[in-house]
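Single-structure report; data block below.
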Amino acid sequence: MTESQPTVLVLGATGKTGSRVVSRLRSGGVAVRTAARSGADVAFDWSDRGTYASAVAGVTRVYLMAPVLRIDFAADVAAFLDEAESAEVEHVTFLSAYGMEHAPAEFAPRAVELDLSRRNRLTHTILRPAWFMQNFSETFLKPVNGAVVVPTGDGAEAFIDVEDIAAVAATTLTDPVAHAGAAYSLTGPQALTVAEATAIIGKAAGQPVVHQDIDREAWIAAVLATGVPTDYGIVLRQLTETVASGNGSRPDDTVEKITGNPARTFREFARTNAAVFRESSK
């Protein structure tokens, strides 16, 4: 380790996990360099490899958030990691996805995991979170007209709060030696069907919210029609099929073991975001 204070580069610093990782690191007195396409300390764009070297120059640790809404990013991440090694970055914490250890080697997140495992000039930690609770308050599971429309059937998922992911990430970046080579599956404390989750949301919001199941291909077509890249349909299909088939994430206590605090419950999340749900369910 270097004797000077480490600086952590946070990619995707304006996003759901990145912004929270930045906040936790800075509150702990850690020097942070934020990176994003705009609104950050340095401009960073996965589609422009010319932005990689300046982003990693002078940093010692990296929070690695892969490109969103893409399935073909392994080569770009490999090029970034080459730059990181050249800049003498010591540690990378990579945000992957739950169950990725079972994915084919050619699947991009798994390819990045395997790439990291082969590099000996930097250490790494892999985070494999379940579906985010914030999907219900910010993105594709947000209630519309009192319903959450998604093809998950009666399958359950141990939804995790993004704040807990950020807490784990910040811990690994603050003390990378203790977490070098580790891969952590991160979940909430309870597996819920979307119907059970919407019932909790409805109670917190004080108005009915239900799960509306839907034909998977029709749902994917509707999502793609909003501008999501066509090839991302593969990911949408895999995510929803995994949950619907009963193979969603299973609760564990990894968050508490690493951070010392229990993972947030879905009820706590719903109460905190009750105003958001009341507005979105109108």
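Every number in this text was worked out from the coordinates using simple rules, so none of it is lab data. Since we're looking at a predicted model, the values are computed, not measured. Cβ atoms come from the backbone with ideal geometry, glycine included; neighbour counts cover every protein chain shown.
Looking across the stretch 229-242, the residues that are farther than 19 Å from A158 by Cα and buried (at least 16 other Cβ atoms within 10 Å of the Cβ) come down to Y232, G233.
Take the conditions part of a helix (DSSP H, G or I) and either touching a helix residue (DSSP H, G or I) at 6+ places or on another chain (Cβ under 6 Å) or surrounded by fewer than 23 Cβ atoms within 10 Å (Cβ to Cβ) (or both) and apply them to A222. Does it pass? Considered against the rule, which asks whether it is part of a helix (DSSP H, G or I) and either touching a helix residue (DSSP H, G or I) at 6+ places or on another chain (Cβ under 6 Å) or surrounded by fewer than 23 Cβ atoms within 10 Å (Cβ to Cβ) (or both), A222 comes out as yes.
Given the condition in contact with a Leu (Cβ under 7 Å, 6 or more places away or on another chain), closer than 21 Å to R20 by Cβ and of a type in the set (A, V, I, L, M), answer yes or no: does some residue in the stretch 217-224 qualify? Looking through the stretch 217-224, none of the residues is in contact with a Leu (Cβ under 7 Å, 6 or more places away or on another chain), closer than 21 Å to R20 by Cβ and of a type in the set (A, V, I, L, M).
Matching residues to (1) in a helix (DSSP H, G or I); (2) surrounded by fewer than 21 Cβ atoms within 10 Å (Cβ to Cβ); (3) out of contact with any strand residue (DSSP E or B) (no Cβ under 6 Å at 6 or more places or on another chain):
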position	(1), (2), (3)
V92	no, no, no
Y98	no, no, no
P104	no, yes, yes
A111	yes, yes, yes
D115	yes, yes, yes
N120	no, yes, yes
H124	no, no, no
R128	no, no, no
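Restricting the first member to the stretch 35-61 and to residues that are β-branched (V, I, T), and the second to residues that are surrounded by 14 or more Cβ atoms within 10 Å (Cβ to Cβ) and in a loop (DSSP other than H, G, I, E, B), the beta-carbon pairs closer than 6 Å and six or more apart or on different chains are T51/F44; T51/D45; V56/A87; V56/V89; T60/P6; T60/E90. Is it true that A199 is surrounded by fewer than 18 Cβ atoms within 10 Å (Cβ to Cβ) and aliphatic (A, V, I, L, M)? Taking the combined requirement at face value, the residue satisfies it. Residue count for the stretch 36-62, restricted to those that are surrounded by fewer than 22 Cβ atoms within 10 Å (Cβ to Cβ) and of a type in the set (S, T, Y): 4. N247 meets the stated requirement of being surrounded by fewer than 19 Cβ atoms within 10 Å (Cβ to Cβ), more than 22 Å from Y63 (Cβ to Cβ), in contact (Cβ under 8 Å) with a residue 40 or more places away in the chain and within 22 Å of the chain's Cα centre (by Cα).
Of all residues in the stretch 139-151, count the ones that are surrounded by fewer than 18 Cβ atoms within 10 Å (Cβ to Cβ), out of contact with any strand residue (DSSP E or B) (no Cβ under 8 Å at 6 or more places or on another chain) and over 21 Å from T242 (Cβ atoms). Selection size over the stretch 139-151: 2. Restrict the check to the stretch 32-46 and report whether at least one residue is more than 28 Å from Y232 (Cβ to Cβ) and under 20 Å from the mean Cα position of the chain (by Cα). Scanning the stretch 32-46 turns up at least one residue that is more than 28 Å from Y232 (Cβ to Cβ) and under 20 Å from the mean Cα position of the chain (by Cα).
Restricting attention to the stretch 7-26 and to residues that are polar (S, T, N, Q) and over 16 Å from A43 (Cβ atoms), the residue that is surrounded by the fewest Cβ atoms within 10 Å (Cβ to Cβ) turns out to be S23.
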